[in-house]
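Student: One structure, pasted below without further comment.
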Amino acid sequence: MTTGTAPVDPAGRPAPGAQMLQVAGLNKTYRSAQGETEAIRDLTFDVRAGEMVCVVGPSGAGKTTLLRCLSGLLPPTAGTVTLEGDRVTGPPKGMAMVFQEYARSLFPWMTVAQNVELPLKEKGVPKAERRSKVRTAIEAVGLGDVPDSYPWQLSGGMQQRVAIARAVAYEPHILLMDEPFAAVDAQTRADLEDLVRHLWKRLGLTLAFVTHDIDEAVYLGQRVLVLSARPTVILEDVTIDLPAERDQLTTRSDSTFAAHRAHIYDLVQQAKRGYRPEDRVGDVDHGKARP
Ligand SMILES: Nc1ncnc2c1ncn2[C@@H]1O[C@H](COP(=O)(O)OP(=O)(O)OP(=O)(O)O)[C@@H](O)[C@H]1O
C-alpha cells in the first residue's frame with residue numbers, strides 16, 4: 001500500500017516524516033428520516049509518519065465521526081481521506097483502532113494471547129511468527145504473566161492493555177485511538193498514557209488520539225488539533241513544544257505544559273460558546289469572540 005520512493009521500515013511503513021494521512025475538505029452530514037445533522041463541516045490536515053497527533057473539542061463536536069471517517073467505517077459526504085497515497089474507501093489494511101469500550105472490543109471466550117493473535121491470523125501471518133509477535137506485544141504492555149487469562153479475569157486497565165497489545169502486534173502503519181482511557185481510574189490512566197508514549201517511541205508508531213482530556217492531549221501529543229463545536233472545523237493546530245522525554249510529574253509541572261493547557265482550555269471554552277474561525281475577522285463579535 002506504500003507509494004512513492006520513501007524508505008520503509010521492516011514493517012513496511014514509510015520513514016518518519018513521510019506523508020502518512022491526508023484529510024482534505026472532509027465533510028460528514030448524517031441524513032435520516034428526522035433530518036440532516038452536519039457533524040463535520042470542513043476539515044483539512046495532514047499527519048506525518050511517526051507523529052503523535054491528539055484531537056480535542058467540545059462534546060458532540062464530531063471527534064468520533066472524524067475517526068470513523070479516517071478508518072473508512074463511515075463514508076464522507078464530501079472531501080477525501082488518503083492513507084499513504086491511497087484514498088480510504090473502507091477499513092485500510094495498515095490501520096488499527098483502540099476504542100474506549102475495551103470490554104466490547106475483546107472476545108470474552110478467548111484468552112489474552114488468542115485475542116492478540118486474532119488479527120494476525122486474519123492478516124495471514126504464519127503460525128511461528130504469530131506466536132513470537134503475540135508474546136512480544138503482550139510483554140511490551142506488561143502482561144507477560146497472564147497470556148492464558150480471559151479478559152473477564154482482568155481489571156479494566158489490564159483489558160485495555162490487551163487491546164493495545166492487539167493493535168501494536170498487528171504493526172499498523174497508523175493507530176487510531178478513540179478516548180481509550182476514559183473508562184479507567186486516574187492512576188491507571190496515567191500508566192496507560194506512559195505506555196502509549198513508550199510504545200510510540202519504541203515502535204515508531206503514527207498515532208491519532210482523540211480525548212476529552214486537555215491535559216492528556218498536551219501530555220501525549222506533538223500536536224493538538226482543537227475542534228470547534230458542530231459543524232466542526234479546526235480552531236487551531238497547536239504544536240506542543242515539550243521535550244520528547246516526558247513524565248507525569250516533571251512534564252505536568254513544566255511552565256510550557258501549563259501555558260499549552262491554558263491556551264487549549266481557553267479555545268475549547270470559546271468553542272463551547274460557539275466561537276468559530278470565521279469570527280476572527282477583526283475579532284469584532286457578537287458575544288463569542290476571543291477575549
Ligand atoms: N449515526 C448518527 N446519525 C445522526 N447523527 C449522528 C450520528 N452519529 C453522531 N451524530 C451526531 O453528530 C454529532 C457529532 O457526534 P460525535 O459522536 O462524532 O461527537 P463527539 O465529538 O465524538 O462527541 P463526544 O465528545 O460526546 O463523544 C453529534 O451531534 C451527534 O448527535
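Student: Within segment 155-174, is even one residue part of a loop (DSSP other than H, G, I, E, B), farther than 28 Å from PRO92 by Cα and either in contact with a strand residue (DSSP E or B) (Cβ under 9 Å, 6 or more places away or on another chain) or modelled with pLDDT under 95 (or both)?
Tutor: There is at least one residue in segment 155-174 that is part of a loop (DSSP other than H, G, I, E, B), farther than 28 Å from PRO92 by Cα and either in contact with a strand residue (DSSP E or B) (Cβ under 9 Å, 6 or more places away or on another chain) or modelled with pLDDT under 95 (or both).
Student: I need a count of the residues in segment 134-156 that are crowded, with 19+ Cβ neighbours inside 10 Å and either closer than 28 Å to GLY72 by Cα or among the β-branched types (Val, Ile, Thr) (or both).
Tutor: Number of matching residues: 5.
Student: Which members of segment 19-47 meet the condition of being more than 20 Å from GLY72 (Cβ to Cβ) and surrounded by 18 or more Cβ atoms within 10 Å (Cβ to Cβ)?
Tutor: ARG41
Student: A follow-up question, please. Residue pairs, Cβ under 8 Å, 6 or more apart or interchain, first in segment 237-250 and under 16 Å from LEU199 (Cβ atoms), second part of a helix (DSSP H, G or I) and open to solvent by 70 Å² or more (accessible area, probe 1.4 Å). List them.
Tutor: Between residues of segment 237-250 that are under 16 Å from LEU199 (Cβ atoms) and residues that are part of a helix (DSSP H, G or I) and open to solvent by 70 Å² or more (accessible area, probe 1.4 Å), the close pairs are ALA244/LYS201.
Student: Output the residues belonging to segment 43-52 that are more than 15 Å from the ligand (Cβ to nearest atom) and in contact (Cβ under 8 Å) with a residue 60 or more places away in the chain.
Tutor: THR44, PHE45, VAL47, ARG48, ALA49, GLY50, GLU51, MET52
Student: What is the number of the single condition among (1) open to solvent by 20 Å² or more (accessible area, probe 1.4 Å); (2) under 15 Å from VAL184 (Cβ atoms) that LYS121 does not meet?
Tutor: Going through (1) open to solvent by 20 Å² or more (accessible area, probe 1.4 Å); (2) under 15 Å from VAL184 (Cβ atoms) one by one, LYS121 breaks only (2).
Student: For the structure I just gave you, tell me whether VAL88 is within 16 Å of the ligand (Cβ to nearest atom), over 16 Å from ALA49 (Cα atoms) and in contact with a helix residue (DSSP H, G or I) (Cβ under 8 Å, 6 or more places away or on another chain).
Tutor: Criteria not met by VAL88.
Student: Just to be sure, is GLY62 within 16 Å of the ligand (Cβ to nearest atom), in contact (Cβ under 8 Å) with a residue 24 or more places away in the chain, closer than 22 Å to LEU267 by Cα and touching a helix residue (DSSP H, G or I) at 6+ places or on another chain (Cβ under 7 Å)?
Tutor: No; evaluated as a whole, the condition is false for this residue.
Student: Which residues, taken from segment 152-185, are more than 30 Å from GLY85 (Cβ to Cβ) and basic (Lys, Arg)?
Tutor: Within segment 152-185, ARG161 is the sole residue that qualifies.
Student: Has segment 171-183 got any residue that is open to solvent by 30 Å² or more (accessible area, probe 1.4 Å) and touching a Leu at 6+ places or on another chain (Cβ under 9 Å)?
Tutor: Checking segment 171-183: at least one residue is open to solvent by 30 Å² or more (accessible area, probe 1.4 Å) and touching a Leu at 6+ places or on another chain (Cβ under 9 Å).
Student: A further question follows. Scan segment 52-99 for residues that are surrounded by fewer than 20 Cβ atoms within 10 Å (Cβ to Cβ) and among the small types (Gly, Ala, Ser) and jot them down.
Tutor: SER59, GLY60, GLY72, ALA78, GLY79, GLY85, GLY90 - these are the residues of segment 52-99 that are surrounded by fewer than 20 Cβ atoms within 10 Å (Cβ to Cβ) and among the small types (Gly, Ala, Ser).
Student: In segment 222-262, how many residues are of a type outside the set (D, E, K, R), open to solvent by 50 Å² or more (accessible area, probe 1.4 Å) and either in a strand (DSSP E or B) or under 26 Å from GLY17 (Cβ atoms) (or both)?
Tutor: Residues in segment 222-262 being of a type outside the set (D, E, K, R), open to solvent by 50 Å² or more (accessible area, probe 1.4 Å) and either in a strand (DSSP E or B) or under 26 Å from GLY17 (Cβ atoms) (or both): 4 in total.
Student: So which residues in segment 196-221 are away from the ligand (no atom under 16 Å from the Cβ) and crowded, with 21+ Cβ neighbours inside 10 Å?
Tutor: Listed by number, the residues that qualify are VAL196, LEU205, THR206, LEU207, VAL218, TYR219, LEU220, GLY221.
The values are calculated or read from the model by the stated rules, or taken from the named source; none is laboratory data. None of these values were measured; they are calculated from a predicted model. Ideal geometry is used to build each Cβ from the backbone, glycine not excepted, and the neighbour counts take in all protein chains shown. When the accessible area is computed, the model is the full protein with side chains, heavy atoms only, and any ligands, DNA or RNA have been set aside. Shrake-Rupley method; radii C 1.70, N 1.55, O 1.52, S 1.80 Å.
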